[in-house]
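Participant: Input: one structure, supplied below.
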Amino acid sequence: MKIYNTLTKKVDTFTPNEENTVRMYTCGPTVYHYAHIGNLRTYIFEDILEKGLEYLGYNVLRVMNVTDVGHLENDSDTGEDKMQKGAEREHKSVYEIADFYERAFFQDCAKLNIRKPKVVERATKHIDTYIKIIENLLDKGYAYISNGNVYFDVSKANNYYELSGKNPDELFVGVRDTVEEDKSKRNPYDFGLWFTVSKFSNQEMKWDSPWGVGYPGWHIECSGISYKFLGEYLDIHCGGVDNIFPHHTNEIAQSEAFLGHKWCNYWVHGEHLNDSTGKMSKSKGEFLTIDLLESKGYNPLAYRYFCLGSHYRNQLVFSYEALDAAENAYKKLKNRIKKLDRTPDLHDDKVDFYKDKFKDAIENDLNTSSMLTVVYDVLKDDELTDFTKLYLIEDFDKVLSLDLIDELEENKISDETESMIMKKIEERNIAKKNKDFATADKIRDELFDKGIRLIDSREGTTYEIIEE
Ligand code: AMP
Ligand code: ZN
């Protein structure tokens, strides 16, 4: 597979450290508010990357954090604490806010067919790991204590500016206006590993540490969680482009200082979703969420289709007109697929040809619009039987996850049938209670003849529709 690597600034051939296994880390949400559809674009891209790698035959070990502590409004340790602000806004505790918005986030993901990574870890659960890493960084001289806080000294890091590709002066110009100077730091880009001297007198989340009661900085959580669950070597690390500096830059600095070797080989970043005025944010303009789109009558998967139409490395501008166009195309596509004849008749002569084309699209720097083109090519190909088309589209949908193939109508049952079955189960239960096994068996057999199989267990009786 070829993939653009922010570290080398070119499209690289992907080779994992361990054959067939990919260790992949993706930065998760800060759960102080709903995710906007821009955030969700990044998670759609990561979902496609994970499923694309699986399609190519890799076993993907993916870990994601959930940020519930330490993330300040400005990524460089200044501004208000996002979680604390969320709690004040809603008159709830920080923990209640975290629970609520984490749940909301995964509900949005489910609506967009974004699969939940197998390992999802809250930042606040791994304080001991961060303390261990910070102690090590202090011992080795990469970190220093100043005014009660622990900071990482970026002048000690190897190639601190490599990932962003910028020199210190350029970066300084970029952030000078927004970063208030923290007098405790030796260099402007030094970043907090552990804060004890908090400017937030009402800080709710705090823990004991060798440096006093306090809380971790934002960046250390990803280094800590990744180390704990994926070990010393990472293959891929993802996030949105705004994460490149300072977040990922700082993750590299502290992880490599701690581990004593190179940490992650491929850094893959998704470009932003913008609105007509520029980068989408939670504080300006209409706060675009999946719920809002649904309340306006859109299918969340039309938004997924909209995202797949553009490459992850291109900025994408959101407008309702563009979403309307995507929804129309998506509906038409689904209708074309619905009309295909499902009579089993698989001709496999061109199956590999199309699977290879689909793989090529994945391998070509995750080209989602080419993946969609393969679906349209299959539909257009008169040499394929309808059943073969369905077979291929179902296969591609493991990656695209657009629910392209509706469940067979015959397998769906109406509410009426459902209540008829429940009534029969009830009658059978009564017969069994009365030891009238002849009647009980008769009810079971009658349902079986109608294509409904009863399943008895200790919890009671359920049913399944018998597949042809
Ligand atoms: P946050 O919850 O603020 O930590 O952000 C979650 C993810 O969304 C991060 O990976 C960001 O890089 C990404 N992100 C933030 N804004 C946008 C945007 N407008 N478009 C795409 N991704 C974004
Ligand atoms: Zn992170």
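Nothing in this text is a laboratory measurement; each read-out follows from the coordinates by a stated rule. Because the structure is a prediction, the values reported are computed rather than measured. Cβ atoms come from the backbone with ideal geometry, glycine included; neighbour counts cover every protein chain shown.
Participant: Among 31-39, 205-213, what's the highest-first ranking by average C-beta atoms within 10 angstrom per residue? Don't jump to the answer; show the numbers that get you there.
Facilitator: Details: 31-39: 22.8, 205-213: 15.1.
Ranked by mean Cβ neighbours within 10 Å, highest first: 31-39, 205-213.
Participant: Counting Lys and Arg as +1 and Asp and Glu as -1, what is the net charge of the other residues whose Cβ lies under 10 Å from the Cβ of I225?
Facilitator: Values: positive: R122, K125, K228; negative: E121, E221.
Charge balance in the 10 Å sphere: +1.
Participant: Now for a separate question. Count the net charge of all other residues whose Cβ sits under 11 Å from the Cβ of I252, scoring Lys and Arg as +1 and Asp and Glu as -1. Don't skip to the end; give the middle numbers.
Facilitator: Values: positive: K262; negative: E162, E251, E256.
Computed value for this residue: -2.
Participant: Rule-of-thumb check for the chain: C-alpha Rg over 2.2 N^0.38 Å? Intermediate results must be reported in sequence, preceding the final value.
Facilitator: Numbers: Rg = 26.5 Å, N = 468, 2.2 N^0.38 = 22.8 Å.
Here the Cα radius of gyration is 1.17 times the empirical estimate.
Participant: Net charge near K140: determine it from the other residues with C-beta under 12 Å of the C-beta of K140, scoring Lys and Arg +1 and Asp and Glu -1. Before the final figure, lay out the partial values.
Facilitator: Working: positive: K156; negative: E135, D139, D153, E256.
Value of the local net charge: -3.
Participant: Go through Y463, F448, F437 and say which Cα lies farthest out towards the positive end of the charge dipole of the stretch 415-465; charges sit on Cβ, +1 for Lys and Arg, -1 for Asp and Glu.
Facilitator: F437
Participant: Can you order the peptides 4-15, 83-94 by their average number of other Cβ atoms within 10 Å per residue, highest first?
Facilitator: Details: 4-15: 15.0, 83-94: 16.8.
Averaged packing, sorted descending, gives the order 83-94, 4-15.
Participant: If you line up the long axis of helix 351-363 against the longest principal axis of the chain, both from Cα atoms, how many degrees apart are they, to the nearest 10?
Facilitator: Helix 351-363 and the main axis of the chain meet at about 20 degrees.
Participant: Ok, one more. Debye calculation, C-alpha points only, no solvent: report log10 I(q)/I(0) for the stretch 2-270 at q = 0.16 Å⁻¹, in the same order as the q values.
Facilitator: Normalising to I(0) and taking log10 leaves -1.33.
Participant: To continue, here is another question. What shape does the stretch 24-123 have by the C-alpha gyration tensor, where a ≥ b ≥ c are the square roots of the eigenvalues, rounded means a/c under 1.5, and otherwise prolate means a/b greater than b/c and oblate the rest?
Facilitator: Values: a/c = 2.37, a/b = 1.98, b/c = 1.20.
Taking the square roots of the gyration eigenvalues as a ≥ b ≥ c, the stretch 24-123 is prolate.
Participant: Can you give me the relative contact order of the chain as a percent, contacts being Cα pairs under 8 Å and 6 or more apart?
Facilitator: On the way: 674 pairs, mean separation 78.9, N = 468.
Dividing the mean separation by the residue count of the chain yields 17 percent.
Participant: Can you compute the modelled spin-label distance between D456 and T78, with each label point 7 Å from Cα toward Cβ, in nm?
Facilitator: Calculated label separation equals 7.3 nm.
Participant: Under a crude label model (7 Å from the Cα following the beta-carbon direction), how far is K125 from D395 in nanometres?
Facilitator: 3.7
Participant: Divide the volume of the convex hull of the Cα atoms of the stretch 299-409 by its number of residues and quote the answer in cubic angstrom per residue. Don't jump to the answer; show the numbers that get you there.
Facilitator: On the way: hull volume 10.6 nm³, N = 111.
It is 95 Å³ per residue.
Participant: Quick one: the Cα spread of the stretch 64-122 along its three principal axes, in angstroms, biggest first?
Facilitator: Computed over the stretch 64-122, the largest-to-smallest principal extents equal 34, 26, 18 Å.
Participant: Shape call for the stretch 415-465 from the C-alpha gyration tensor, a ≥ b ≥ c root eigenvalues: rounded (a/c under 1.5), prolate (a/b greater than b/c) or oblate?
Facilitator: Details: a/c = 1.60, a/b = 1.41, b/c = 1.13.
It comes out prolate by the Cα gyration axes.
Participant: How would you rank 345-357, 380-392, highest first, on the average number of other Cβ atoms within 10 Å across their residues? Let's see the in-between values first.
Facilitator: Numbers: 345-357: 12.9, 380-392: 16.2.
In decreasing order of mean packing, 345-357, 380-392 become 380-392, 345-357.
Participant: Using Cα positions and a limit of under 27 Å, work out the lysines in reach of K435, with same-chain residues fewer than 8 apart set aside.
Facilitator: Correct list for K435: K423, K424, K450.
Participant: Something else about it: Specify which residue in the list L323, T343, S401 is farthest towards the positive end of the charge dipole of the stretch 299-409, using unit charges on the beta carbon of Lys, Arg (+1) and Asp, Glu (-1), about the Cα centre.
Facilitator: L323
Participant: Between A87, L137, A104, whose Cα lies farthest towards the positive end of the dipole of the stretch 54-162 when Lys and Arg beta carbons carry +1 and Asp and Glu beta carbons carry -1, centred on the Cα centre?
Facilitator: The residue sitting farthest along the positive end of the dipole is A104.
Participant: Then there's this: Mind running the shape call on the stretch 199-336? Use the C-alpha gyration tensor, a ≥ b ≥ c as the square roots of the eigenvalues: rounded below 1.5 for a/c, prolate if a/b tops b/c, oblate otherwise.
Facilitator: Numbers: a/c = 2.78, a/b = 1.79, b/c = 1.55.
Verdict is prolate for the stretch 199-336.
Participant: Quick one: putting +1 on the C-beta of Lys and Arg, -1 on the C-beta of Asp and Glu, what dipole do you get for the chain around its Cα centre, in Debye to the nearest 20? Kindly include the intermediate steps, with their values, before the conclusion.
Facilitator: Details: 62 positive and 85 negative charges, 144 e Å.
So the dipole magnitude of the chain works out to roughly 680 debye.
Participant: A follow-up question, please. Starting from the Cα of K111, draw a straight line to each of the lysines and keep only those under 24 Å, dropping any in the same chain fewer than 8 residues away.
Facilitator: Counting by Cα, and skipping residues close in sequence, K111 has these lysines nearby: K51, K279, K282, K296, K331, K332, K334, K338, K398, K412.
Participant: To the nearest 0.05, what FRET efficiency results for E90 and D324 with a Förster distance of 35 Å applied to their C-beta separation? Let's see the in-between values first.
Facilitator: Details: r = 33 Å, r/R0 = 0.95.
According to the calculation, E is roughly 0.55.
Participant: Quick one: which residues, 5 or more positions from V317 or on another chain, have an amide H under 5 Å from its amide H? H modelled 1.01 Å from N in the peptide plane, none for Pro or chain starts.
Facilitator: N274
Participant: Hey, with R₀ at 45 Å, roughly what FRET efficiency would T21 and S184 work out to, going by the Cβ-Cβ distance, to 0.05? If you can, show how the numbers build up before the last one.
Facilitator: Numbers: r = 42 Å, r/R0 = 0.93.
It comes to 0.60.
Participant: May I ask you to evaluate 6.51 cos²θ - 1.76 cosθ + 1.60, the Karplus curve with θ = phi - 60°, for each residue of the stretch 439-447 and list the ³J(HN,Hα) values in order in whole Hz, giving x for glycine and proline?
Facilitator: Rounded to whole hertz, the list is 5, 4, 5, 4, 4, 4, 5, 4, 5.
Participant: Same structure, new question: Just to confirm my numbers, what's the Cα centroid distance between the stretch 151-169 and the stretch 209-281 in Å?
Facilitator: Answer, in whole Å: 14.
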